[in-house]
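Down below is the structure, laid out as structure tokens.
Only the coordinates and a few stated rules stand behind these numbers; no lab work does. These numbers were taken from a predicted model, which means no experiment stands behind them. Cβ atoms come from the backbone with ideal geometry, glycine included; neighbour counts cover every protein chain shown.
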Amino acid sequence: MKAWPIMLLALFFTLATHAQRTNVDDYEQLKYDATLTGKPYPFEVHRVTISSQGNDLSMAYMYLPPKDDFPVVTLFHGKNFNGAYWQTTANWLSDQGYGVLMPDQIGFGKSDKPTDYQYSFAALANNTKTLLDKLNINKTIVVGHSMGGMLATRFSLMYGKTAQRLVLVNPIGLENYLIYENYPDVNTTYRSELKKMPEDIVNYQKKNYYDGKWNERYAEHAEFLIGWVQGPDWPILAKVSALTYDMLLTQPVIEEFKYLDLPVTLILGTRDRTAPGRDLKKSGIERELGRYDKLGQQIKQRNQAVTVVELEGLGHLPHIEDFDRFKSPFLEAIVRKTQQATELQSSD
């Protein structure tokens, strides 16, 4: 009987600790440098030197080798994330037998962050191809979330012999934003980034990603951004953020969807309303940007071969918000073949 008060007290402190970890004030002393020194990742972090634009750059990545003859799945992260948020997805894929490659792109996560770099999806795709070559990975299933969806699309267009399938999870860039928005130059964005505070990060993600909800799991994926804003290298990181934001607006891939000739699947949480630069919409534009409940069918009009899977009630991060709902259509997308490939296989 005496054990009950102790157990209840322990439970109280556990719940209180969890509640505190979702509060911005709890991260007041959190500070990270540009390469997230001291920030743990879920798997061993490796590094490779990439020679790009006259620089030798350190690119961080995590890699879980495949079992037997299973293919490797390369996971491209979004702009406000890094490879670590693929942890649940990677563990699940590895349990199935797949290899999993999770790079931090140059300019993100634990990788180098040059400010004199021409950030482009082509350059980042080329860096990733270099990494694949160094690991002797000749074929890979390509998966991209958010900004990573734009990068994964560019990679597939550039390296069609390497990319076996393309899976896009709530990618941004399903609209050509500058048709509808005024262009902000890099310095304008940079000045805005410099003013960013931890509560801005939480409020943005809470509103745009999670339908006003917030919990310890969501907070975990915002922690490194909070540490950066409060850390010693934020002026440098704010400049890199501005440069990569410019990439989102000025390098659309949606116009080239018609040239994709590999199996492509769009997995869309239909509650998502993400649209970079929404507040810069041109006068007289009536289009509501970021309507992921409508974008899937608009993409089908561009390329009928694209498979669209809609997850009702989920937002920008279905693999974080509800992995149990996400994993079944995700696995189907990974094994899906084109109709042409299926017919050829049947005729053999």
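Annotations for the structure displayed:
- Sum of side-chain charges, residue 271 neighbourhood, beta-carbon under 15 Å (Lys, Arg +1; Asp, Glu -1): -1
- Take the Cα of residue 49, step 7 Å toward its Cβ, do the same at residue 197, and the gap between the two points is 4.4 nm.
- Label selected from (1) 20.6, 73; (2) 18.2, 55; (3) 22.1, 69, the criterion being Rg and Dmax of the Cα atoms in Å as computed here: (1)
- Look at the alpha carbon pairs under 8 Å that are at least 6 residues apart: their mean separation over the length of the range 221-299 gives a relative contact order of 25 percent.
- Separation of alpha-carbon centers, the range 48-91 and the range 144-181, rounded to whole Å: 16
- Set of lysines with alpha-carbon distance to residue 67 below 20 Å, sequence-local pairs under 8 removed: 134, 139, 327
- Here's the list of lysines a cross-link from residue 239 could span, going by alpha-carbon distance under 27 Å and ignoring same-chain residues fewer than 8 apart: 31, 39, 79, 110, 113, 129, 195, 196, 206, 207, 281, 282.
- Applying D = kT/(6 pi eta Rh) to the range 135-191, where Rh is the Kirkwood radius over alpha-carbon pairs, T corresponds to 4 °C and eta to 1.567 mPa s, the Stokes-Einstein value obtained is 99 µm²/s.
- Listed by chain and number, the lysines placed with their C-alpha closer than 16 angstrom to that of residue 258 are 300; residues fewer than eight positions away on the same chain are left out.
- Largest-first principal axis extents of the Cα set of the range 191-348 (Å): 62, 39, 30
- Taking amide hydrogens as placed 1.01 Å from N in the peptide plane, the amide H of residue 164 sits under 5 Å from those of 140, 141, 142, each at least 5 positions away in sequence or on another chain.
- Here each label is just a point 7 Å from Cα along the line to Cβ, and for residue 29 and residue 217 those points are 2.9 nm apart.
- Charge tally around residue 84: other residues with Cβ under 11 Å, Lys/Arg +1 each, Asp/Glu -1 each, net -1.
- Karplus-derived 3J(HN,Hα) values for the range 42-50, using 6.51 cos²θ - 1.76 cosθ + 1.60 with θ = phi - 60°, are x, 10, 4, 9, 10, 9, 9, 8, 10 Hz; glycine and proline are entered as x.
- In order along the range 305-317, phi translates into HN-Hα couplings of 6, 6, 8, 10, 10, 10, 10, 5, x, 9, x, 6, 10 Hz, rounded to whole numbers, per the Karplus curve 6.51 cos²θ - 1.76 cosθ + 1.60 with θ = phi - 60° and x for Gly and Pro.
- Selection among 45, 232, 260 by position relative to the dipole of the chain gives 260 as farthest towards the positive end (Cβ unit charges, Cα centre).
- One compactness figure for the range 220-308 is 1.40, namely its Cα radius of gyration divided by 2.2 N^0.38 Å.
- Whether the range 100-184 is rounded, prolate or oblate, judged on the alpha carbon gyration tensor where a/c under 1.5 counts as rounded: oblate
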